[in-house]
Amino acid sequence: ALRNEDIISGTEKKIVQAYENSASLDPKFVLLSNAPSSSMISSDLESAAEKITEKGNIPASNVKIYGDKDYIYGVSLTLEAIGKLLLEKQERIEKTVNILGCNIIDWSNDQTESLVKAIEEKGVTVLSKWGGKGLTADVIRKSASASLNLVVNVSGMRIAKYMESEFGIPFIAAAPFGQDAFTEITGLMMEFMSGKRSESIITGNNAEMSAEQAEVILIGEQFFCNAVRCELRSRGYENIRVISFYEMDKSCMEKSDKKIASEDELNEIASQESVRLIFGNPDYKPAVKKDVKWVNVPNSGMSMVTKIPQKDLIAGALESWISSELG
């Protein structure tokens, strides 16, 4: 609700007043972020957060997102900002894990709970689900006592690296999609719990491949695509390239992978002579001029128009889905 005078005098008073108006909701912390208009006039959110802390005796901070980048980037920065605001050193609880990055846009609550059940059947307790249902301030604080973090989506990488540097919590970075991937991840998890491993692990095949050799293009969230790539390689596909319009973590990329910025760039990559199969959201398909087999990716977050229902792809469910698409 910006007015002309706010451009001159700033919006700090309005932000603090908005907090005071909502104090009856009994918030446990406050996190401020800019909308595009407020970012254009450089609203001082850090100062506003300090005032809220003083007035309400409540943890408050800001996250530097401005509405000009993708949702995975925003989720990633937000989870990190919440962690920096609330986490403190805790005594380690053995055989416990946090699931990081199971944001509701990419992960349904059913899929998250399916993973929780599978992990706890191994005798490991899930302390928190960062991005999922039930992430309260108390749960966040308790998560600093976990013995391991499992990062299932690229949006969880920033908070995983922060928790590793600040609290010494190692992480495994991989989506548990596909039976082989799930078996590897849970096996590594048990090695961490038994003390056989202590350093963070980013799983995946770091294959060397020229971008011009790609026969399969995977477009979407990075960890999902990495899991699909592993499954396709087990079926005999060799030259597989992951591209995305969204946030990508360099440590989880293979040499030919790429973050792209335009439909023209997508068409250029997808139209290469070697490409014969594409996995992607159907909204992207009109940008590709080449006649090529297309598999619709079940991720509602990647779509603005055509809604593809999310699927539970934990463990063997990924193979079943790919088999149904490719025969």
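If you check 184, 199, which single one turns out to be over 18 Å from the mean Cα position of the chain (by Cα), open to solvent by 30 Å² or more (accessible area, probe 1.4 Å), touching a residue at least 24 places away in the same chain (Cβ under 8 Å) and over 27 Å from residue 283 (Cβ atoms)?
After applying the criteria, what remains is 199.
Do we have residue 185 as assigned to a strand (DSSP E or B) and closer than 14 Å to residue 200 by Cα here?
Details: assigned to a strand (DSSP E or B): no; closer than 14 Å to residue 200 by Cα: yes.
Judged against the criteria, residue 185 is not a match.
Based on what the data block shows, is residue 110 out of contact with any helix residue (DSSP H, G or I) (no Cβ under 6 Å at 6 or more places or on another chain) and open to solvent by less than 40 Å² (accessible area, probe 1.4 Å)?
On the way: out of contact with any helix residue (DSSP H, G or I) (no Cβ under 6 Å at 6 or more places or on another chain): yes; open to solvent by less than 40 Å² (accessible area, probe 1.4 Å): no.
The answer is no for residue 110.
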Condition set in contact (Cβ under 8 Å) with a residue 60 or more places away in the chain and surrounded by 15 or more Cβ atoms within 10 Å (Cβ to Cβ), scope region 119-136, selection nearest to the chain's Cα centre (by Cα): answer is 119
Suppose we filter region 294-318 for residues that are open to solvent by less than 40 Å² (accessible area, probe 1.4 Å), at pLDDT 80 or above and under 18 Å from residue 115 (Cα atoms); how many remain? 7
Tally, over region 259-274, of residues that are assigned to a helix (DSSP H, G or I), free of Cβ contacts under 8 Å to residues at least 24 places away in the same chain and closer than 23 Å to residue 237 by Cα: 2
Pairs returned, first residue in region 275-293 that is over 23 Å from residue 309 (Cβ atoms), second residue that is acidic (Asp, Glu) and part of a loop (DSSP other than H, G, I, E, B), beta-carbon separation under 7 angstrom, 6 or more apart or interchain, are 275/215; 276/215
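Give region 59-74 a look and list any residue that's among the hydrophobic types (A, V, I, L, M, F, W, C) and at pLDDT 95 or above, or say none. Quick ask: steps written out before the conclusion?
We begin by selecting, within region 59-74, every residue among the hydrophobic types (A, V, I, L, M, F, W, C); these are 60, 63, 65, 72.
Scanning region 59-74 gives a single hit, 60.
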State which residue is nearest to residue 221 (Cα to Cα) when the search covers only region 57-69 and only residues that are open to solvent by 30 Å² or more (accessible area, probe 1.4 Å) and out of contact with any helix residue (DSSP H, G or I) (no Cβ under 6 Å at 6 or more places or on another chain). 69
Which condition from (1) assigned to a helix (DSSP H, G or I); (2) of a type in the set (Ser, Thr, Tyr); (3) within 30 Å of residue 260 (Cβ to Cβ) is the one that residue 66 breaks? (1)
Just checking, how many residues over region 158-171 are in a helix (DSSP H, G or I) and not charged (D, E, K, R)? 6
Number of positions in region 229-279 that are β-branched (Val, Ile, Thr) and over 23 Å from residue 158 (Cβ atoms): 4
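Only one of 256, 155 is assigned to a loop (DSSP other than H, G, I, E, B), of a type in the set (Gly, Ala, Ser) and open to solvent by less than 30 Å² (accessible area, probe 1.4 Å). Can you tell me which?
Working: 155 fails: assigned to a loop (DSSP other than H, G, I, E, B).
Among 256, 155, only 256 is assigned to a loop (DSSP other than H, G, I, E, B), of a type in the set (Gly, Ala, Ser) and open to solvent by less than 30 Å² (accessible area, probe 1.4 Å).
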Kindly evaluate residue 47 against the criterion of being under 19 Å from the mean Cα position of the chain (by Cα) and of a type in the set (S, T, N, Q). no
Test residue 290 against the stated conditions and say whether it is assigned to a helix (DSSP H, G or I) and not aromatic (Phe, Trp, Tyr). no
Inside region 212-232, can you point out the residues that are farther than 14 Å from residue 175 by Cβ and open to solvent by 20 Å² or more (accessible area, probe 1.4 Å)? 212, 213, 215
Of these, 171, 177, 167, which one is surrounded by fewer than 22 Cβ atoms within 10 Å (Cβ to Cβ) and among the aromatic types (Phe, Trp, Tyr)? 167
Out of (1) under 26 Å from residue 181 (Cα atoms); (2) of a type in the set (A, V, I, L, M, F, W, C); (3) crowded, with 20+ Cβ neighbours inside 10 Å, what's the single condition that is false for residue 277? (3)
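Among the residues of region 280-287, is there at least one that is touching an Asp or Glu at 6+ places or on another chain (Cβ under 6 Å), closer than 28 Å to residue 75 by Cα, among the small types (Gly, Ala, Ser) and in a helix (DSSP H, G or I)?
So in region 280-287, the residues touching an Asp or Glu at 6+ places or on another chain (Cβ under 6 Å) come out as 287.
Narrowing further to those that are closer than 28 Å to residue 75 by Cα: 287.
Restricting the remaining residues to those that are among the small types (Gly, Ala, Ser) gives 287.
Subset that is in a helix (DSSP H, G or I): 287.
Within region 280-287, one or more residues are touching an Asp or Glu at 6+ places or on another chain (Cβ under 6 Å), closer than 28 Å to residue 75 by Cα, among the small types (Gly, Ala, Ser) and in a helix (DSSP H, G or I).
The values are calculated or read from the model by the stated rules, or taken from the named source; none is laboratory data. Computed from a predicted model, the values in this text were never measured in an experiment. Because the Cβ atoms are built from the backbone with ideal geometry, glycine has one as well, and the counts that use them run over all protein chains shown. Accessible surface is based on the protein model in full, side chains and every heavy atom, while ligands, DNA and RNA are left aside. Shrake-Rupley method; radii C 1.70, N 1.55, O 1.52, S 1.80 Å.
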